[in-house]
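One structure is given here, and the rest of the page talks about it.
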Amino acid sequence: MSEAGADDDRKKHRVHFDRHTPEYRDQFEEITHDLHAKCPIAWTDTHGGHWVASGNREVFELARAAEFLSNDHDVKGERRGYKGITIPSPPRSREQQGGFLEMDPPGQRHYRQALNPYLSPAAVARWIPFVDEVVRACLDEKIEEGRIDFVDDLANVVPAVLTLAMLGIPLKDWTVYNEPAHASVYTPPHSPDMARVLELSRNMGRSLYRSLLEIREHPRPGLVDALVHAEIHGRRPSDEELVGVLALLVGGGFDTTTALTAHALEWLSQHPGERDRLSRERDTLLDSATEEFLRFFTPAPGDGRTISADCEIAGQRFEEGERLWLSWAMANRDPAVFPDPDRVHLDRKGNRHSSFGLGIHRCIGSNVARTVFKRMVTAVLDRIPDYRCDPDGTVHYETIGVIQGMRHLPAAFTPGRRLGPSLDETLETLQKACDEQRLAEPVTTRPGRAKTER
Amino acid sequence: MKVRVDPERCQGHTLCAMIAPKAFQLDDIDGHSSAVGEEVPADQEEQVREAAHSCPERAIQLF
Ligand code: HEM
Ligand code: SF4
């Protein structure tokens with residue numbers, strides 16, 4: 001067979017697949033099951049041509065085949081010119097390595113080893129009293145009014161404040177990071193607003209760089225400090241590389257957790273019976289419900305890879321240099337693993353979802369995400385149990401190519417009583433707690449929980 | 001029934017310890033799992049099976 005013929009044979013399952021269109025969001029279930037039935041690994045010519053893995057078994061086997069896949073984003077053309085995890089990659093002028101998510105081992109592993117003691121389940125559990133105080137203050141700000149926007153007033157705030165606390169950056173700066181972290185995800189590349197969003201993002205980058213310099217000069221515990229001292233490949237990485245890692249921690253932590261929380265709260269408003277049940281049976285149901293919301297809404301719908309050596313995986317032959325899209329979202333709807341995949345079952349068993357990825361790049365922030373999500377949702381169930389979301393005011397992201405997110409989720413409820421000081425005042429108190437108790441130390445140094453007054 | 005966590009496969013998703021908290025322990029530093037004991041007590045068998053079935057990396061071996 002000629003080479004072109006062999007190629008056609010390899011790529012015999014061809015589809016038109018463009019996850020950056022609104023149609024993909026609107027017809028997600030039809031497209032997903034069509035792909036599952038016909039071609040769980042398919043070739044598409046969109047965005048320069050790439051493979052799309054949608055079947056659960058296929059995504060599982062591919063994601064874990066670290067020896068044949070690369071996450072490398074070789075921005076400076078020093079290695080093999082690979083394009084990282086975004087398909088299509090951003091214009092050259094805006095290309096930037098996305099921290100260790102766009103690196104391969106051993107460097108990627110060295111970063112994880114440096115950060116794990118801040119993000120492990122035991123490390124994150126220490127922050128629960130802190131998280132509860134931020135959640136309390138957010139709800140207090142709105143509880144007398146009887147109206148809240150769950151995105152703007154709660155789900156954007158709590159993950160942002162906690163991430164900054166863990167980094168060791170002043171809490172009051174959360175607004176500097178908040179808008180760029182979300183707007184850079186939901187603003188389409190051609191939008192007239194893009195110039196402004198890019199400027200906000202550059203401002204955030206400068207701010208992260210300043211924190212790095214400052215903490216190197218005047219050490220303060222936290223993830224930034226861990227990075228300042230990290231040895232990667234036996235050397236200290238460049239500041240540019242470290243700013244990329246900090247941007248990854250901010251980008252990874254803000255928008256995804258917001259997206260999960262907003263979707264879950266919207267769904268619970270649409271299913272008040274299930275909401276009451278979750279509240280009543282939370283001791284047994286909250287864990288499985290959290291995993292089910294993760295599966296069903298898959299806030300980070302997928303990630304790209306480059307094939308790093310000719311190989312055959314899950315019955316498909318791949319060639320070095322080809323691009324591949326691993327769809328966590330579609331793998332999560334595979335009926336072969338999830339009976340009744342398009343319905344939410346709060347008590348689903350055997351929920352082997354891939355919403356935090358699979359294999360060596362598995363989300364290092366998953367314990368943060370779960371904890372923050374659970375504390376926000378339970379506080380809402382306790383304090384404003386009869387909330388109703390307003391569909392007319394709800395704004396979903398136009399496309400789900402990057403994050404399946406929401407911009408606004410307004411809701412009304414029976415007003416209640418404040419329990420404590422305002423958000424600003426609370427952040428000041430919590431800043432003191434961070435400084436005095438050195439809350440952002442790794443679990444190896446400070447095993448105990450945060451103490452918050454009141 | 002016996003249980004083992006394959007350290008090469010486990011990526012610390014923590015679902016096992018959520019489902020069968022008595023049977024699995026998570027490392028404080030990296031969250032990776034190991035079995036509390038190889039022999040599974042009879043009253044934990046069901047939970048441990050469910051944990052094995054839920055592990056995203058299929059790292060839990062029953063034998
Ligand atoms: C519900 C919330 C979240 C979801 C759905 C999510 C999803 C993901 C996924 C799917 C990956 C794997 C990407 C890949 O393999 O290409 C990942 C990696 C990552 N996530 Fe998350 N994430 C969430 C929250 C967080 C939080 C709170 C943080 C920070 C504290 C974070 C930081 C990271 C980092 C640093 C990586 C890269 C890990 C590596 O390359 O080794 N994420 N996340
Ligand atoms: S569920 Fe699997 S991958 Fe996760 S900690 Fe347990 S054994 Fe490890």
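The values are calculated or read from the model by the stated rules, or taken from the named source; none is laboratory data. Keep in mind the model is a prediction, meaning the values are calculated, not measured. Neighbour counts are summed over all protein chains in view; Cβ atoms, including those assigned to glycine, are modelled from backbone coordinates with ideal geometry. Each accessible area value is taken on the protein alone, full model and side chains, heavy atoms only, with ligands, DNA and RNA left out. Shrake-Rupley method; radii C 1.70, N 1.55, O 1.52, S 1.80 Å.
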Inset, instruction - Before anything else, pin down the relative contact order of the stretch B:3-62: Cα pairs under 8 Å, at least 6 apart, normalised by residue count, whole percent. - result: 45 percent
Legend entry - Overall form of the stretch A:321-442 per C-alpha gyration tensor (a/c, 1.5; a/b vs b/c): oblate
Inset, instruction - State the extension gain, in nm to one decimal, for the chain segment bounded by A:ARG446 and A:ALA6, taking 0.36 nm per residue of separation less the distance between their alpha-carbons. - result: 152.5 nm
Inset, instruction - Might you report the magnitude of the Cβ-based charge dipole of the protein assembly as shown about its Cα centre, with Lys and Arg at +1 and Asp and Glu at -1, to the nearest 20 debye? - result: 660 debye
Inset, instruction - Return the calculated 222 nm mean residue ellipticity for chain A, to the nearest 500 deg cm²/dmol, obtained by summing -39500 (n - 2.57) across DSSP H runs with n ≥ 4 and dividing by the residue count. - result: -15000 deg cm²/dmol
Legend entry - Accessible-area order (highest first, 1.4 angstrom probe) of the listed residues A:TYR186, A:TYR387: A:TYR186, A:TYR387
Inset, instruction - Give the accessible area for A:THR163 in Å² (nearest 10); use a 1.4 Å probe, count only protein heavy atoms, and leave out ligands, DNA and RNA. - result: 20 Å²
Legend entry - Cβ-Cβ FRET estimate between A:THR175 and A:ARG277, R0 fixed at 30 Å, reported to 0.05: 0.25
Inset, instruction - Report the label-to-label distance for A:ASN203 and B:ASP27 in nanometres (one decimal), using points 7 Å from each Cα along the Cα→Cβ vector. - result: 4.2 nm
Inset, instruction - Could you rank A:ILE128, A:ILE87 by how accessible they are, 1.4 Å probe, largest area first? - result: A:ILE128, A:ILE87
Legend entry - Pair A:LYS349, A:GLU29: separation of 7 Å Cα→Cβ label points (nm): 2.5 nm
Inset, instruction - Mind grabbing the accessible area of A:GLU319 for me, 1.4 Å probe, Å², rounded to tens? - result: 80 Å²
Inset, instruction - Run the 1.4 Å probe and let me know the accessible area of A:THR44, rounded to the nearest 10 Å². - result: 0 Å²
Legend entry - Cα centroid separation - the stretch A:346-409 against the stretch A:294-308, whole Å: 15 Å
Legend entry - Where a label projected 7 Å from the Cα of A:ALA412 along Cα→Cβ would reach, residues of the stretch A:367-394 with amide N under 13 Å: A:387-393
Inset, instruction - Please work out how much length the chain gains when fully extended from A:ASP435 to A:ALA314, using 0.36 nm per residue of separation minus the C-alpha to C-alpha distance, in nm with one decimal. - result: 38.4 nm
Inset, instruction - Starting from the amide H of A:VAL15, placed 1.01 Å from N in the peptide plane, find each other amide H under 5 Å away whose residue is 5 or more places distant or on another chain. - result: A:TRP43, A:THR44, A:ASP45
Inset, instruction - Please label the shape of the protein assembly as shown as rounded, prolate or oblate, based on the square roots a ≥ b ≥ c of the eigenvalues of the alpha-carbon gyration tensor (a/c under 1.5 means rounded; beyond that, a/b larger than b/c means prolate, else oblate). - result: rounded
Legend entry - Of A:LYS451/B:LYS22; A:LYS349/A:LYS432; A:LYS83/A:LYS349, those spanning more than 32 Å from alpha-carbon to alpha-carbon: A:LYS349/A:LYS432; A:LYS83/A:LYS349
Inset, instruction - Can you pull the one-decimal nm distance between simple spin-label points at A:LEU419 and A:ASP386, each 7 Å off the Cα toward Cβ? - result: 2.0 nm
Inset, instruction - For peptide A:149-160, compute the average count of partner chain beta-carbon atoms within 10 Å of each residue's beta-carbon. - result: 0
Inset, instruction - Can you find, among A:PRO117, A:HIS33, A:GLY251, the residue farthest towards the positive end of the dipole of the protein assembly as shown? Put +1 on the C-beta of Lys and Arg, -1 on that of Asp and Glu. - result: A:PRO117
